[in-house]
Amino acid sequence: MTLTRAGIIEALYQSIGLSRNESSQLLETIFEEIIQSFEKDENVKITSFGTFNLRNKKERIGRNPKTGIEASITPRTIVSFKPSSNIKNLIKKKNK
């Protein structure tokens, strides 16, 4: 099972009591804030959840797995996620 945008909106609707439209607007506002932080080259830290970090990757030589031909991979910025210790502990408990 995968948590989707619609699933989050439904959870907000049921747990907080906002209308579905208000729940949708709340979620959109949260996503907009996160995206605006990335546009400003800022990391996003959500206490007890984790940190989304922007990382710059250098140009490198890669290989097409189908053809084996080498190709240059351009430099780019990616988002990585580091879960908080709370999340790590929940996952460890689940895997026991």
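The values are calculated or read from the model by the stated rules, or taken from the named source; none is laboratory data. This is a predicted model, so every value here is computed, not measured. Cβ placement follows ideal geometry from the backbone for every residue including glycine, while neighbour counts extend to all protein chains displayed. For the accessible areas, the whole protein counts, side chains as well, though only heavy atoms, and no ligand, DNA or RNA atoms are used. Shrake-Rupley method; radii C 1.70, N 1.55, O 1.52, S 1.80 Å.
Brief remarks follow.
- If you go through segment 7-32 and pick out every residue that is small (Gly, Ala, Ser) and open to solvent by 70 Å² or more (accessible area, probe 1.4 Å), you end up with 1.
- Scope segment 74-96; condition touching a strand residue (DSSP E or B) at 6+ places or on another chain (Cβ under 6 Å) and without any contact (Cβ under 8 Å) to a residue 12 or more places away in the chain; matching residues: none
- Filtered residues of segment 78-96 (kept if open to solvent by 80 Å² or more (accessible area, probe 1.4 Å) and hydroxyl-bearing (Ser, Thr, Tyr)): none
- Selection from segment 33-73 of residues that are out of contact with any strand residue (DSSP E or B) (no Cβ under 9 Å at 6 or more places or on another chain) and either open to solvent by less than 100 Å² (accessible area, probe 1.4 Å) or closer than 20 Å to Ile87 by Cβ (or both): Ile35, Gln36, Thr47, Ser48, Thr67, Gly68
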